[in-house]
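See structure below.
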Amino acid sequence: MDRIAIVGGSPLFGDIPISGAKNSAIKLMAASLLTSEPVRLTNMPRLADTRLLSRLLQRFGCGVSESDGEGGQEMRLHTPEITSAFAPYDLVRQMRASFNVLGPLLARTGHAKVSLPGGCTNGARPVDLHLKALEALGAHIDMHEGYVFAQAPRGLKGGEIEFPFVSVGATEHALMAAVLAHGTTEMKNCAREPEIVDLAECLNAMGARISGAGTSTMVVEGVTSLHGTDWPVICDRIEAGTYAVAGAMAGGEVRLTKVRPDLIAILLDKLEAAGCEVHRGFDTVTITRKDGQRLKPVDVTTDVYPGFATDLQAQFMALMTLADGESTIRETIFENRFMHVPELGRLGADISVSGGEAVVRGVTELRGAQVMATDLRASACLVIAGLAARGETVVNRVYHLDRGFENLEGKLSACGANVRRLKGDSSIPEEE
C-alpha cells in the first residue's frame, strides 16, 4: 500500500483549489439512477470512492464516462433501463454510502436486493433509519443472509417520516426514494448539511418538487418521472477545512480558492480564536500565521451542521497539539472518533481521552515518526501534524486518504510542503 512521507518545518505559501465534495458527488451519482435520461455532473472530484461507485452503478445498466472540462472533471451517467437491481456484498462492503442505491432502485423499478454495508471504524452506524423511512413510503422490507430485499410493486407512496435523531445518510436516502413516490411526503428532523441541499436542488433541476432543503422539515411532492440535467457539485467543505487547518499548522499564508467561506464559518471562527488571521473573500479564504507565532488553545465540540463538523475534529486536534495551553475536544457524533490519538502520541503529542472527551495539552514541538492511518479523517490529521513535526513523518495506509482527498500531496507540495508519495500496492482495500 502507498505511504506518504512528510518532512516538517516548511511554511506554506500559495493557492489551493478546493475540489467538488465527495459526500455530495457520491449521492448525486446514486440519484442519476432515478431517470432514464443522461445526468452530467461537473466539478467532480477524482477519488477512489467515486470510482468504486461507478463500478456498482454499471452493474445496474448505468453508462459512466468521464472527461476533463473547463471546470474540472466531468462525469456523464446514463441509465436508460435498470438491467439489474442487485448490489452484491463484494462491492457494497467497500463503501458504506453505496447502500444508498437501494432507494433509487426501489423507486424506479419497484424492487431491489442490496447488501448490508458492514462495519465501520467510526463505530456503530446501523441502517435502521434508512429502512424505516422506506417502510414509511410503503416498501416491504425483508432481511436475510446479509441482504436487504425491498419491494414496492405498485410504487412507493407518500407518507410521514420523522427521524428519531438527525442522520445525514437516512435523510438523503429517504429524499431520493420520495421524489418518485405517489403523493406527498413530509420529512421531519432532517439533517441540514449543505450536501443535502445540493442533492435536493439537483433533484429539483431534474423535475422533482422538494421544498425545505436546509431546514429540519422537508416536503416532497412526488412526480411520475425525472429528466436529465447538468449539475455542478458543491465545493468540499471538509477538504477546505482540512487545508485551512494545514495552513494554520505549518504557518505561512495559504489561500483557498473555489470555496464557499460560509460552509466552514465555525471552523474559521475557531482558527481566528487560535490566533490565525483569516480573510474571507467571495469564493476564497486566506489563512495566515506568522513565523514564530504560538497558537492559542481553543475548545471544540462536534455537532450536526451547522455545528463544528465531526469530519474536521481530528484535523483540529492536530492543530491544538502545538497550542500554548490546554484545550478540550468533545466528540458527540461518533463514539470511535479518537483512534488517531495514539498515532499523534507517537509524534510527541500530549493527549488524554476519557469517553467522548479528549484533553490536549500543547507541546513546544512534534517529532517525526512512523504512524498509521485508521480512517479517512485521521489520515489527514496525521499529514497535517507531519507538516509541523521536526524530521520525517511517514503515514502508512493512505488508501484512506485517496477516498476523500484529490491529489493531497500535489496541492500541499505546490505551496512549499516537503511531501511525497511512496508507491506500493495499488489495490483498494474495503472500508473497515
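Worth pointing out:
- Picking from residues in segment 160-198 that are assigned to a helix (DSSP H, G or I) and more than 17 Å from L137 (Cβ to Cβ), the one that is most open to solvent (accessible area, probe 1.4 Å) is V168.
- Selection within segment 16-62 - more than 19 Å from R93 (Cβ to Cβ) and hydrophobic (A, V, I, L, M, F, W, C): I16, I18, A21, A25, L28, A31, L33, L34, V39, L41, M44, C62
- When the residues of segment 375-405 are filtered to those that are of a type in the set (S, T, N, Q) and open to solvent by less than 20 Å² (accessible area, probe 1.4 Å), the one that is farthest from F316 (Cα to Cα) is T393.
- Screening segment 10-81 for strands (runs of 3 or more DSSP E) wholly inside it with 1 or more residues that are under 30 Å from G391 (Cβ atoms) and either modelled with pLDDT under 95 or not basic (K, R) (or both) returns the ranges 12-17.
- Inter-residue pairs, beta-carbon under 9 Å, first on the phi > 0 side of the Ramachandran plot and in segment 140-157, second of a type outside the set (F, W, Y) and open to solvent by 40 Å² or more (accessible area, probe 1.4 Å), 6+ apart: G146/L116; G146/G118; G155/G138; G155/H182
- Qualifying position, being open to solvent by 20 Å² or more (accessible area, probe 1.4 Å) and closer than 26 Å to I18 by Cα, among T286, T321, T332: T286
- When V359, V394, V363 are screened for being at negative phi and outside any strand (DSSP E or B), only V363 passes.
Conditions tested, residue by residue: (1) out of contact with any Asp or Glu (no Cβ under 7 Å at 6 or more places or on another chain); (2) open to solvent by 20 Å² or more (accessible area, probe 1.4 Å); (3) among the polar types (S, T, N, Q).
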{"site": "V7", "(1), (2), (3)": "no, yes, no"}
{"site": "S10", "(1), (2), (3)": "yes, yes, yes"}
{"site": "A25", "(1), (2), (3)": "yes, no, no"}
{"site": "N43", "(1), (2), (3)": "yes, yes, yes"}
{"site": "R46", "(1), (2), (3)": "no, yes, no"}
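- Subset of segment 99-128 (residues that are open to solvent by 10 Å² or more (accessible area, probe 1.4 Å), at pLDDT 95 or above and closer than 21 Å to E162 by Cα): A107
- Count of segment 227-256 residues, restricted to those that are open to solvent by less than 30 Å² (accessible area, probe 1.4 Å) and closer than 24 Å to K27 by Cα, is 13.
- Apart from one condition, P306 fits all of (1) modelled with pLDDT of 95 or more; (2) under 22 Å from the mean Cα position of the chain (by Cα); the exception is (1).
The values are calculated or read from the model by the stated rules, or taken from the named source; none is laboratory data. This one's a predicted model, so the numbers in the text were calculated from it and none came from an experiment. Here the Cβ is made from the backbone with ideal geometry for all residues, glycine too, and neighbour counts use every protein chain on show. All accessible areas refer to the heavy atoms of the entire protein, side chains included, with ligands and DNA or RNA removed. Shrake-Rupley method; radii C 1.70, N 1.55, O 1.52, S 1.80 Å.
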